[in-house]
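Just so it is clear, none of the values below were taken in a lab; they were calculated from the coordinates. Everything numeric here is computed off the predicted structure, so don't read it as measured data. Cβ coordinates were reconstructed from backbone atoms using ideal geometry, including for glycine residues, and neighbour counts include every protein chain displayed.
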Amino acid sequence: MESFDAVVLGGGAVGCATLFHLTRLGCRRVLLLERGDIAGGTTAQSSGILRTYYSVRPNVAVARAALAMFQDFPALLEDEEADCGLIRTGYLAVAPEGKAALALERTIAAQQELGIAARLVDHAEARAIHPWLDLSDIALCGYEEEAGFADPYMTAHAFARAARRQGAVIRQGAPVLGLLREGGRVRGLRTGGGDIAAGVVVSTLNVWSPLLRGWAEAEIPCHASRHLVASFAADAPYTSALPVLKDFASPLMLYSRPHAGSEILVGAGDAGDEVADPDGGTGDIPMDWVAEVGAQLAHRMPRFAEHGRFVRAWAGLYDTTPDWNPVLGKLPGIEGLLVAFGFSGHGFKLSPMVGRMLAQAALGLPPDLPLDPYRATRFAEGAPLRGAFGSGAVS
Ligand SMILES: Cc1cc2nc3c(=O)[nH]c(=O)nc-3n(C[C@H](O)[C@H](O)[C@H](O)COP(=O)(O)OP(=O)(O)OC[C@H]3O[C@@H](n4cnc5c(N)ncnc54)[C@H](O)[C@@H]3O)c2cc1C
C-alpha cells in the first residue's frame, strides 16, 4: 500500500495552503488528493475580499495573520514571482443608526486593540475615500486601510506550486472514496486507485465535508447554501482606487468591490438558500434578484441609477455552519483526522493562516493561534462564535 505522512483532501484555497505549510514545516511525504482541478471548487466562485473587519475576536487574529501572508506572499513562498493578485483598496463599512452602528463601533475597537489600522471616519472622509457614495441614511462609517482583495484561483495555484517544489505530491482527478479506520483512529483512505496509508489526514472538503458523516460516522454541522454575485458597469470605470464597501444599511446587506478593471462586483450578505446536493449545479440567476441588487446599489451610489448596466452574474456555494464560523481541528473521539469546514463565505481571507494552523496541529506542533475556539463541539456546548452582525459572512 502507498504510504504518506500526511494526506490533504481537497485542493481549494484551504487545502493548498495546508499542503504548502506542511512542506514548509518539514513534512516531505505529503499528498493532496483533489477529485477535480486545483481551485475548481468553491474557491473559483469567490469574491476574494480580504479584511480583518470581524466582531468575533479569534477571527480578527486569524485574518490579521493571514493578511500579513497575502501582503508578503513572494517572501512566504520564497519565490519572487509568486503572485496572489493582491490589490489594496481599503475596506469601508457604513451602517445606519442602531444595532449595526453599535456593532461597527465595537468591531473597529476590537481591531484597534490588535493594532490594526482601522478607524471610524466621518462622512466627509468617507466620501473622500469613496466619492460615489450617498451617505444620507448612514450614521457611522469605519475604514480599514490595509484591506482589499486578492485572486483566490492564483493564490491556491501558487500554494500548490510551492508545495510541489518542496516535494509534495498533488493528484488531480483523484476522488477520495472513504477513510480507512481502525477503532477510533483514521489510518488512511480509499481511492479509485487503491488504498493509501496516512499518518494523518486533513480534510478540507468545504461543501462536500458532509461526506465525513458516512466516512467517519461523525457529526458534521454544515450545510451548503447558495449565494449570488453580480457585476455592473456605470458611465465611468469603477476602478481599484475605490474601496471594498460593506453596506449594513442595505436590505440585502450588500458587499461590493472593484472588479475586472472597470466594473463593480456586488454580493448579498443574506443567509442564502439551502442546497441539498452540492453537485446539483448552482442554478439560474433570477433577474428579479439582479434588479433588486441593482436598485439597492443605485440607492447607495446614485450614479448607477442613471447609468448602471448589468454585466454578468454567477452563483456559488457556502459551507455554512450554525454560527457562520468554521470548524477547525479534531472531531470528538476520532484520532488521525483534522477537519476544516464551515467557512460560511469568508474562508479565502483566512486560508493562508488556517493552513498553517492545521499543518502545525497535524504535525503535533502547537498552532500559532488557538484552534480551540473553532472546535466542533462548541454548538453542543452552547458556546457558538456568534458575531455582532447576525447571520452572515461578516461574523
Ligand atoms: C460566491 C462566493 C463569494 C465568496 N467571497 C468571499 C470573499 O469575498 N472573501 C472570502 O474570504 N471568502 C469568500 N468566499 C468563501 C471562500 O471562497 C471559501 O471559503 C474558500 O475559497 C473555500 O476554500 P476551500 O479550500 O475550503 O474549499 P473548495 O475550494 O471548495 O475546495 C474543496 C475541494 O474539495 C474537492 N473535493 C470534494 N469532494 C472530494 C473528494 N471526494 N475527493 C477529493 N476532493 C474532493 C472539491 O473538488 C474542491 O476543489 C466566497 C465564496 C463564494 C461561494
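Quick notes on this structure:
- Rg over Rh [alpha-carbon atoms, Kirkwood Rh] for the chain: 0.97
- Charge tally in the Cβ shell below 9 Å around residue 10, where Lys, Arg are +1 and Asp, Glu are -1, residue 10 excluded: 0
- Residue (of 380, 140, 283) at the positive-pole extreme of the chain, dipole from beta-carbon charges: 380
- Residue ranges 208-221, 3-16, 254-267 sort as 3-16, 254-267, 208-221 when ordered by packing (mean number of other C-beta atoms within 10 Å per residue, highest first).
- Additional length obtainable on full extension of the chain from residue 106 to residue 119, 0.36 nm per residue less Cα span: 3.6 nm
- Euclidean distance of C-alpha centroids, region 360-395 and region 21-65, integer Å: 15
- Averaging Cα coordinates gives a centre for region 105-154 and one for region 251-311; these two points are 21 Å apart.
- At R0 = 51 Å, FRET efficiency that the Cβ-Cβ distance of residue 127 and residue 276 yields, to 0.05: 0.70
- Computed extension gain for residue 363 through residue 137, at 0.36 nm per residue and net of the alpha carbon distance, reaches 76.2 nm.
- Computed over region 224-267, Kirkwood Rh from alpha-carbon pairs, angstrom: 11.1
- Per-residue ellipticity at 222 nm computed for the chain from its helices equals -8000 deg cm²/dmol, with DSSP H segments shorter than 4 residues left out and the rest contributing -39,500 (n - 2.57).
- Proximal charge balance of residue 74 [Cβ under 15 Å; K/R count +1, D/E count -1]: -4
- To the nearest ten degrees, helix 99-113 and the longest principal axis of the Cα atoms of the chain are 60 degrees apart.
- A simple count of charges around residue 142, restricted to other residues whose Cβ falls under 13 Å of its Cβ and scoring Lys, Arg +1 and Asp, Glu -1, yields -2.
- Taking the centroid of alpha carbons for each part, region 206-221 and region 167-187 are 14 Å apart.
- Estimated at 0.36 nm per residue, the fully extended path between residue 311 and residue 28 surpasses their Cα-Cα distance by 97.3 nm.
- Based on C-alpha pairs under 8 angstrom that are at least 6 apart in sequence, the chain has a relative contact order of 24 percent.
- Taking only the alpha carbons of region 206-280, we obtain Rg and Dmax values of 17.2, 55 Å in that order.
- Relative contact order (percent, whole number), region 156-217, Cα cutoff 8 Å, 6+ residue spacing: 21
- Nearest 10 degrees, 0 to 90: helix 57-71 Cα axis against the chain principal axis: 90
- Axis angle, to the nearest 10 degrees, between helix 13-24 and the longest C-alpha principal axis of the chain: 50 degrees.
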